[in-house]
Each structure stands twice: as structure tokens, then as C-alpha cells.
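Written out below as C-alpha cells is the structure these notes cover.
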Amino acid sequence: MARGQERTPLRQRARYLFDRTLARSTGTLLGWLAMCCLAVVLPVSTLLVWTDPAAPRSFTGRLTLVWRTSAETLRLGAVAGTPARMLLSVLLGLIALLCVSTVVGVVTTGLGDRLTELRRGRSRVLERDHDVVLGWTDQIFTVVSELIAGRSQGGRSARGPHVITVLADRDPAHMDSALTPALEVTDRVRLVCRTGMPTDPDALALVTPGAARAVVVLPAEDSDGDLTVVRTLLALRTLLGTDGGRSAPRVVAAVHDGRYVPAARLAAGPRGTVLETDRTAARLLVQAARRPGMPTALRDLLDFSGAEFHVTDVPEAVGLSFEEVALRLETSCAVGLLRPDGRPLLTPAPHTVLEPGDRLVTVAHDDRTPRLTDRWARVDTTALAPPAPAPEPPARLLLLGWNRRAPMVVDALRGTARPGSVLDVVTDTASGAAGPGSPWPRNGPGDTPLNVTHHTRDLAAPDALDGLDLSAYDSVMALDSDRARGAERPDERTLLALLTLRSWEERTGRVLPVVAELRDHRSRTVAPLGPASHAVVHGELTALLMAQIVQNPELAAVFEEIFATRGGALALRPAARYVLPGHEAAFATVVAAALDRGENAIGYHAHDPHQDRPHDGVLLCPGTSQRRVWSAEDQILVLTAGPGRDGGAGDDTDDLTPALPAQRPERVEEPD
């Protein structure tokens with residue numbers, strides 16, 4: 001049978017006729033509903049009456065009883081008698097049904113509109129001492145997670161649920177469904193999501209920022225993201241006022257470009273803190289490329305799951321030298337002082353005397369006031385390494401990809417590279433870094449420390465790295481291009497590059513240190529990383545810093561000194577720089593050796609070649625009396641000296657800022 005002559009099944013034709021009839025008008029729909037109700041109610045009522053032993057014997061009586069049963073079921077009245085009385089009863093029933101339906105419809109519509117308004121997130125939040133997060137980026141997961149952890153660690157959750165309010169130009173149901181499962185929100189935490197532009201003062205009023213404990217402004221990811229942050233801070237200022245009183249909440253914001261930091265700080269006011277993300281991320285990449293375990297060490301130090309920075313009062317330390325205080329602390333590590341005027345003095349000279357009003361900056365597992373022991377920790381002088389370590393050889397680095405932070409990476413490498421170091425840059429043809437007007441730095445007159453060469457290839461192709469001797473590189477850095485910003489599937493090219501590098505490792509049996517910058521935190525779980533490879537999520541370090549400052553506002557000046565002024569003062573260095581390999585010594589010996597070099601030791605990484613990832617795992621604040629046999633592969637996590645102070649070892653490339661030659665301070669002989 002031809003296709004046009006195929007017979008349509010009766011069921012489909014009946015369904016089509018029914019659908020077409022219902023689509024005509026409301027009256028038709030009501031007629032069909034009445035017919036369906038009568039088709040069900042009348043037969044069932046008749047069956048009930050004819051099966052009832054107490055039903056009348058006469059046929060008329062039974063019909064009357066069927067009418068009453070059906071009328072009561074349909075709420076049409078049950079008046080019997082003449083046909084006129086029965087019609088009037090039906091009319092009254094219909095009027096009553098119409099009135100009830102109208103009331104139900106009005107109530108339903110009102111409730112529906114209210115529920116829709118609540119789902120849109122336009123109702124005002126009436127909370128106090130809550131945390132407000134403005135904007136929506138991938139950093140929000142880290143920020144909210146750390147806010148929850150920090151609040152619980154501070155013991156404040158016992159007073160009531162911790163309320164975190166998020167305001168962004170997104171659907172609140174989507175925000176809540178994205179945050180709640182990812183962060184494993186418990187009964188002690190309540191997330192409240194509201195929709196609106198953070199730059200709009202009326203939308204900001206919905207989250208009641210004036211009654212909040214802190215307000216976090218996330219850096220926007222669009223082309224004018226920094227301007228959006230500044231405008232958000234100005235809108236916030238209109239609600240909070242410009243006096244910056246003690247009752248105002250702490251404001252913590254971040255921008256990408258350092259040129260917008262002064263304007264953002266002016267808009268944030270005296271109780272505001274503004275961080276720069278791009279330069280911090282570039283410095284982290286450089287540090288991670290030189291020391292594979294650096295990303296893990298920084299995350300362990302800046303999250304709330306282990307040891308972190310604290311500022312505490314230690315009255316018994318007044319009048320003592322910083323060296324004596326550092327060697328009389330058992331469970332925490334001293335890294336500096338906070339002067340009475342709020343000025344931080346990190347890695348002070350060992351003979352610096354603590355004055356009244358000085359507060360101690362430490363790295364510890366809790367915020368309890370550290371107690372000084374009765375005597376100095378024993379320093380094994382026979383295990384101390386010579387004061388002048390051998391300089392490291394020139395490095396050969398490979399940079400894959402290009403984005404707006406890549407010039408900062410190259411600048412950081414130029415300023416700290418050993419003479420004869422080489423940087424090979426491989427960019428995609430569409431990355432914008434290959435043309436004659438390329439923004440990335442090239443070799444120029446006097447560029448002797450770092451020789452930069454550029455290659456243009458399709459990084460998505462399987463043979464993108466053919467012709468490069470990967471075994472000759474000390475480390476590889478992989479960046480995602482800026483043109484992937486806003487894409488639904490970011491990091492694809494970076495993941496392809498990681499897959500190529502991992503395949504080379506498996507094929508050759510060699511380990512290649514790789515650090516990859518990712519945009520999406522979910523990409524880290526699927527990234528093909530080798531034993532010495534790390535994935536750094538862009539903005540994650542800034543998010544951790546923002547959460548730390550919200551919990552401890554006095555740390556803002558400390559972090560400014562560590563990550564902005566000094567430009568990467570945290571470093572992983574070989575243990576042989578401080579203690580002789582193969583010697584057993586207490587951690588106090590490492591602390592003393594670091595003090596002699598103008599540094600503060602805060603932890604160590606014990607090298608274990610049998611681990612799948614031998615570079616992961618830094619033990620923070622191990623205790624000054626803990627003894628172990630140190631190997632040449634062990635690493636020490638230190639806070640280095642800044643520029644302009646005696647004590648920095650200028651022969652180590654981990655520093656991103658120059659330092660003056662070390663000057664060994666005098667130390668009183670420690671008793672055994």
C-alpha cells in the first residue's frame with residue numbers, strides 16, 4: 001500500500017479528535033468534563049443503589065435515590081420533587097461551585113505568584129552577622145566552602161546556623177542546586193540565593209549588607225570585569241556609607257588587572273581589602289614550575305583544614321628576641337610580628353626584640369595563644385649545612401599556550417632566571433601571540449639571563465609537540481587561552497596538552513614536572529596528571545586568601561606583604577641548604593639554620609620515592625623537637641626575606657624578588 005494510503009489506527013484518530021475538540025474553547029472543555037463526570041458518577045451511583053439491601057423497592061424510589069447520590073457526589077444539591085425544584089437545586093449547586101472555584105483560583109494564583117517571586121529570589125533577606133557573596137564565578141565554590149570551614153573552626157556556628165547569602169545575575173534555583181550538593185551543606189549552614197545585578201543598589205539591598213559580618217566581591221570574568229567590581233564596590237558604598245565605622249562589614253574584593261587596584265581600594269573604603277588575581281596566579285605558576293610540590297603546600301597552608309596563619313598576643317614574649325621566641329615554640333612556627341600600628345614585620349632579624357603591643361604572626365593548627373617552653377629547643381650544630389649553598393644550574397622551561405597572565409609569567413622568569421636559562425613558548429595560531437604585534441616579551445638588548453624562543457603550532461593536534469626534546473626541559477607550564485573564556489567547556493586544549501605530555505611519560509618512562517592552569521574546578525578531577533604534575537585552578541589561591549581575610553581581617557596586611565610586596569615569599573627549598581643529608585636532627589635545627597639565612601621554616605616535605613606522587617604532602621608545624629634523618633631529596637617550606645633586608649639568600653631562584661646577601665646573626669649557645 002502506498003504511503004499516502006496507509007490507514008491510521010482508530011486509537012490515534014480518536015485521540016486526535018479528542019485533542020481537537022478540547023482545543024476549541026473553554027465551554028467545550030467544560031462540556032467534556034461534565035460528560036466524563038456523568039459517565040462515571042451515574043453508573044456507579046446506580047450500582048450502589050441497586051446493590052443496597054435497604055434501597056426502596058419501587059423503581060421510582062430507586063431512581064430518586066440514584067439522583068440524590070449523584071447530586072451529592074457532584075455537589076449539585078440533593079433536593080427531590082418536581083422537575084422545577086430539581087433544576088433550581090442544580091442551578092444553586094452550579095453557582096456555589098462557581099463561587100468556590102473562583103475563591104480557589106484566586107488563592108492558587110496568589111500563592112503561585114508568591115512562589116514564583118520566591119523562586120526569582122526577589123525577597124529581602126532579614127539576617128544578621130551573615131556572609132554575603134556578590135557575583136558568580138568558579139571561585140564561588142572555593143570561597144563558600146572555606147567560609148563554611150572557617151566559621152565552623154571559629155566555633156561561631158554553635159550560636160545558630162551560619163547563613164551565607166549569594167547575590168548574582170542568575171536563577172536562584174540554579175545557584176542553590178549547584179552549591180548545595182558540591183559543598184555538602186549541613187543543618188548548621190543555610191544558603192540563601194538571590195538574583196540581581198550586584199552593581200544595582202536596589203538589588204544589593206535584598207541581601208542586607210549593612211547587617212552582614214563580611215561582604216565578598218568576586219572578580220568578574222567578562223572583558224570589563226574589573227570595572228564591574230569597582231562599580232559593585234561603589235554601589236555597596238552607597239548602602240554602607242563612607243564613614244567606615246566599626247559596625248560596617250568587612251569588604252573583601254579581587255580584580256584581575258593591577259591597574260584597577262587603587263580605584264577598587266578607594267571604592268572599598270577603609271574596611272575594604274582588594275586583591276589582585278592575575279599577578280598572584282602568575283607567581284604561583286612560576287613557583288610551581290620550579291618546585292612541583294608548591295601548589296599543594298600553598299593550599300594546605302591557606303585553607304582551614306590544617307595549619308594556617310594566625311596573629312596572637314604572647315605577653316610573655318615581650319623583651320625576648322625573635323630568635324628565642326622561635327626556638328621556644330613547640331607546636332607553632334613564628335614567621336613575624338604585627339606592630340601596634342598594624343604594620344607587619346615578617347622574617348625579622350633574629351636579634352629583633354619584641355616590644356609591648358607587638359603581636360606574634362605564627363603558623364599553627366589552631367588560633368590558641370602559643371605557649372613558650374622553659375628552654376630553647378636543642379640545635380644540633382654538627383648537622384648544620386654550610387651557609388653558602390651551591391648555585392643551581394640554568395633552567396630550561398617550556399610554556400604551552402598564551403593568555404593575559406603569560407606576560408607576567410615571562411617577566412617573573414626573566415627577573416629570577418640563571419644566566420643561560422631557556423624558555424620555549426609554543427602558542428596556538430589563534431591565540432594572538434604569534435603576530436608581529438604580539439604582546440609577549442621577546443629577547444632584546446641585554447636579555448642574557450633568559451633566552452626566549454617562540455613556536456607556533458596547533459596545540460590541539462596530536463603532533464603538536466613533535467620535534468621538541470621534552471626530556472631536556474626541567475618543567476612545563478600549560479596555559480588556557482583567553483578565547484576559551486565564557487565557553488561551556490573550558491580547559492579542553494589544556495587537557496589535550498596534558499594528555500599528550502602524559503602519553504610521552506608513559507612511553508619513555510620518564511617523569512616530567514608539569515603545572516597546568518585550569519579555569520574550571522571540575523577539570524582538575526579529569527586532568528591526566530603525571531607523578532610530578534599539578535593542576536592549578538585559576539583564582540583558587542585568591543579565593544582562599546579572601547576566605548582567610550574574612551575570618552581573620554588582621555591577616556590582610558600579612559598576606560599583602562607575602563603575596564604582593566614580596567612577590568612570592570613562600571618557597572620550597574632543598575633540605576641540604578639547612579642540614580647535612582644523612583644526619584639525624586630535630587626540626588629546631590632547620591628552624592635555626594633558616595633564621596641564620598633570614599628565613600622562617602614552617603614545615604617540610606619528606607621525600608618518599610615509593611609514593612605515586614612523591615612531591616605531594618608538606619607537614620606543617622611538625623614540632624621543633626621532632627627528630628628525623630634528613631635526606632638530600634627532602635624539601636623545607638620557608639617564608640623568605642623580602643627586598644631591602646639583610647638575610648635573603650640571593651643565590652636561590654625560588655624568590656621572585658631580589659634579596660640582599662645573608663648576614664649570620666649572633667646566637668646565644670643553646671643548652672643541651
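A short reminder: the numbers here are calculations on the coordinates, not readings from a lab. Fair warning: this is a prediction, and the values are worked out from it, not measured in the lab. Don't worry about glycine lacking a Cβ; one is built from the backbone with ideal geometry, like all the others, and counts go over all protein chains shown.
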Given R₀ = 41 Å, FRET efficiency for ARG404-ARG128 by Cβ-Cβ distance, to 0.05?
0.55
By how many nm would the segment from THR381 to GLU506 lengthen if fully extended, with 0.36 nm per residue of separation less the alpha-carbon distance?
40.6 nm
Non-local residues with an amide H under 5 Å from the amide H of VAL452, with H modelled 1.01 Å from N and Pro and chain starts lacking one, are LEU423, ASN443
If you consider only alpha-carbon coordinates, what radius of gyration and Dmax does segment 223-315 have, in Å?
16.7, 50
In segment 375-406, the trypsin sites (Lys or Arg not before Pro) that fall in loop regions by DSSP, at most 14 other Cβ within 10 Å:
ARG375
Based only on Cα atoms, what mean projected area does the convex hull of segment 290-409 have, in nm²?
11.5 nm²
Quick calc: nm separation of the 7 Å Cα→Cβ label points for ASP458 and GLU633 -> 4.1 nm
Surface/4 of the Cα convex hull for segment 131-270, nm²
8.2 nm²
Mind listing the long-range amide H neighbours of CYS193? Cut-off is under 5 Å, sequence gap 5 or more, other chains count too, H placed in the peptide plane at 1.01 Å from N.
VAL166
Length gained when the stretch ALA178-TYR16 is fully extended (0.36 nm per residue, less Cα-Cα span):
54.2 nm
Based only on other Cβ atoms within 10 Å, what is the fewest-to-most ordering of ASP491, ASP278, ASP169?
ASP169, ASP278, ASP491
